[in-house]
Structures are given as C-alpha cells and as structure tokens.
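The values are calculated or read from the model by the stated rules, or taken from the named source; none is laboratory data. This structure is a prediction, so every number in the text was calculated from the model and none was measured. Counting neighbours? That spans all protein chains shown, and the Cβs are built from the backbone with ideal geometry, glycine included. Just so you know, the surface numbers come from the protein's heavy atoms only, side chains and all, with ligands and any DNA or RNA stripped out. Shrake-Rupley method; radii C 1.70, N 1.55, O 1.52, S 1.80 Å.
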Amino acid sequence: MSENGNGNGNSAERKLCIICSKGTLDMAYPGLVLANAALMEGIDVTMFFTFWGLDIINKKKMKHLRATPLGNPSMGMPNILGVLPGVTAMASSMMQKTIEKLDFPPVDEYLEMIHDAGGKLYSCRMAMDMMHLEKDDLFDEVDDVIGAMEFMEMSEGAQVLFI
Amino acid sequence: MTVQAIAGLNLEVDAEGFLTNPDDWNRDVAQAIAAELGIELTDRHWDVIEFVRKDFSETGTVPTLRRITKVGGVPTKEIYKLFPKGPAKKVAKIAGLSKPTGCI
C-alpha cells in the first residue's frame, strides 16, 4: 500500500508552490488544475503570479484570456493563419468552449475555489510595477503582493513548479 | 483484493481501503471508516455523504467536489472544513465508493 494518496491524509506535510508566468488560456489552466488537484489531495498550495501570469489574476483580463496558434505547432493550424485578424479570437473561443464542456470552471471561479480550499495566491511586486498594476486591479481573493525574496521564504521545503 | 472487518462486517476493499462494492455500504460502515480517518460525522457530513451516494446511484460516477458544491449545495470552504486534508478521497471513502479519478 502506498504511504501517500490513500485518503488517510498522510500527505499533510507535502507542500507545492506553483509559479504562473504566462497569461494565455492554455498556460493558465495547467496551474489552476494542478493547484486545485493538490488541494483535493490535502497538499498545501501556494500560487505565485508573475509577468504575463498576472493576467490570470487581473480583474480586467482574467475572463478574457486567449490562446493563439502563432508559434504553437500543436494547435494543428498553419502558423501563417495566426497572423490573420480574428484567428486568435476564434482559437480562444474554441478552447474556452471545450473547457466548459469538460465542466472545468472559468478562471475566476477556479481561483475562488482554490482560495476557498485554503490555497494561497500571491502576485509579484516587480511585475506589477512593470505593468503599472495596483492591488486593486487584482482579483479580490489574492492574498498579498510579495517580492521574490519573500517567495523564496515561502517556498522553503516545497516542490516548485514553473509554468 | 483484501477483506477487512469494518463495523462488524467482513468487506472487500481495494489496496487503499476503498470498498469495492458500493452495496456493502451502510451508515455504520460510514461511521467506522470516518472514525479511522479521524472524522466524527455530524449532520452536515451526512448531507454530503447522502448527496454523493444519491448522485452516484443516478449517474454511476463518483461526483467531483465541484459537483458537490454546485449541485449538492455545500460550499468549497465547508467541504474542506468537514473533510480536511484531502476531501475528495475522504468523502468517496466514507461514502463507500471507489477512489475518484477526475481532475476537478
């Protein structure tokens, strides 16, 4: 029998930090899915949003994250099409619909779920300064704005994922 | 497959202690499994367990935590309070269902 993951709460000590540095739809969801899955497993979760990842917690942008076929051969669309007007919007809406169909919540609801489950949400001070963002621009559930050194303190002993 | 004595019954469980046959379940079994997980069942726990059992009998799949929240009406915060540290598996285990496999 495995020591962890048997529903007995043995993973109480495990800690996961996820750094979200990208703001496209296809890069936002992996972090959200993994953070929530970890919480469901009883793992302590901290999410740190930096650079373009700030879009995920930016009130104005979080509901309109987009996916682009440009530079992404996996999308199965000739790259040249990606430069045409409307293609990014179309690809984004297709992906958004698939996400809904699979019964995955939209970004804001996902973050709320993670927050309610005890996950901690932090934004990067330097990236916010670069993008002229204030705490008020961020999703209300964001716990705090912190610097890289504070993140280092928080992530001591944790498994760290950079997305 | 192993047999484990739970609440005076010899029940078949998988390697992680989840009942293999949901029909073996009864309220005493739930109490016994919960006690083993360190949870004392209150009315609110029973609301969750009963919803999960009912939903499983209707859909044939173990409901996700999101479904327990959305359809069952128990907020995320409360689920984590009732079944701390790994609610998805704890709920399924106490409700006598198999280990949940979803991502949400």
Comparing A:A67, A:A35, A:A117, which has the greatest mean-square fluctuation in the GNM of chain A with Cα pairs linked when under 10 Å apart?
-> A:A117
Under-5 Å amide H pairs with B:I6, H placed in peptide plane, nonlocal only = B:L11
Quickly estimate the mean residue ellipticity at 222 nm for chain B, helices only: each DSSP H run with n ≥ 4 gives -39500 (n - 2.57), and the total goes over all residues, rounded to 500.
-> -13500 deg cm²/dmol
With springs only between Cα atoms under 10 Å, which of A:D144, A:D108, A:D129 fluctuates most in a Gaussian network model of chain A?
-> A:D129
Centroid-to-centroid separation of segment A:21-39 and segment B:47-95 [C-alpha atoms, Å] | 23 Å
In degrees between 0 and 90, to the nearest 10, how far off the longest principal axis of chain A does helix A:87-101 point, with axes built from Cα atoms?
-> 40 degrees
Quick one: ranking B:K70, B:K89, A:K22 by accessible area, 1.4 Å probe, largest first, what do you get?
-> B:K70, A:K22, B:K89
For chain A, give the share of DSSP beta bridges that are antiparallel, in percent and rounded to the nearest 5; count only bridges with both residues there.
-> 5 percent
In a GNM of chain A with a 10 Å cut-off on Cα contacts, which of A:N58, A:N36, A:N79 has the highest mean-square fluctuation?
-> A:N79
Helix-only CD estimate at 222 nm, as mean residue ellipticity for chain A, using -39500 (n - 2.57) per DSSP H run (n ≥ 4) | -10000 deg cm²/dmol
Quote the charge dipole size of the protein assembly as shown about the Cα centre in Debye, to the nearest 20; the model charges only the Cβ of Lys and Arg (+1) and of Asp and Glu (-1).
-> 700 debye
Excluding same-chain residues fewer than 8 positions from A:K22, which aspartates and glutamates have a Cα within less than 14 Å of its Cα?
-> A:D55
For B:S57 and A:V83, what does the FRET efficiency come to when R0 = 35 Å and r is the distance between their Cβ atoms, rounded to the nearest 0.05?
-> 0.10
Please give every one of the aspartates and glutamates within straight-line cross-link reach of A:K97, meaning a C-alpha to C-alpha distance under 19 Å, and leave out same-chain neighbours fewer than 8 residues apart.
-> A:D26, A:D108, A:E109
What FRET efficiency, computed as 1/(1 + (r/R0)^6) with R0 = 25 Å and r the Cβ-Cβ distance, is obtained for A:E150 and A:K59, rounded to the nearest 0.05?
-> 0.65
Largest to smallest principal axis extent of the C-alpha atoms in segment B:3-104, angstrom | 35, 27, 20
Multiply the residue gap between B:K81 and B:T42 by 0.36 nm, knock off their C-alpha separation, and tell me the result in nm, one decimal place.
-> 12.8 nm
At a Förster radius of 30 Å, what calculated FRET efficiency corresponds to the Cβ-Cβ distance of A:L70 and A:D140, to the nearest 0.05?
-> 0.35
Å² of accessible area per residue within chain B, as computed with a 1.4 Å probe and no ligands counted = 50 Å²
Which pairs, out of A:K63/A:K135; A:K60/B:K89; A:K101/B:K99; A:K61/A:K135, put more than 25 Å between their alpha-carbon atoms?
-> A:K60/B:K89
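As a test of the definition: with a 1.4 Å probe, what buried accessible area, both sides summed, do you compute for A against B, in Å² to the nearest 100?
1900 Å²
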Each residue of A:102-112 has, on average, a number of other protein chain C-beta atoms within 10 Å of its C-beta equal to 2
On the accessible surface of chain A, probed at 1.4 Å with all protein chains in place, carbon and sulfur together account for a percent value of 58 percent
Going by the alpha-carbon gyration tensor, a ≥ b ≥ c the square roots of its eigenvalues, is segment A:76-141 rounded (a/c under 1.5) or, if a/c is not under 1.5, prolate (a/b greater than b/c) versus oblate?
-> oblate
Which one of B:V13, A:P106, A:P85 is farthest out on the positive end of the charge dipole of the protein assembly as shown, using unit charges on Cβ (Lys, Arg +1; Asp, Glu -1) and the Cα centre as origin?
-> A:P85
Across peptide A:30-42, how many C-beta atoms of other chains are within 10 Å of each residue C-beta, on average?
-> 4
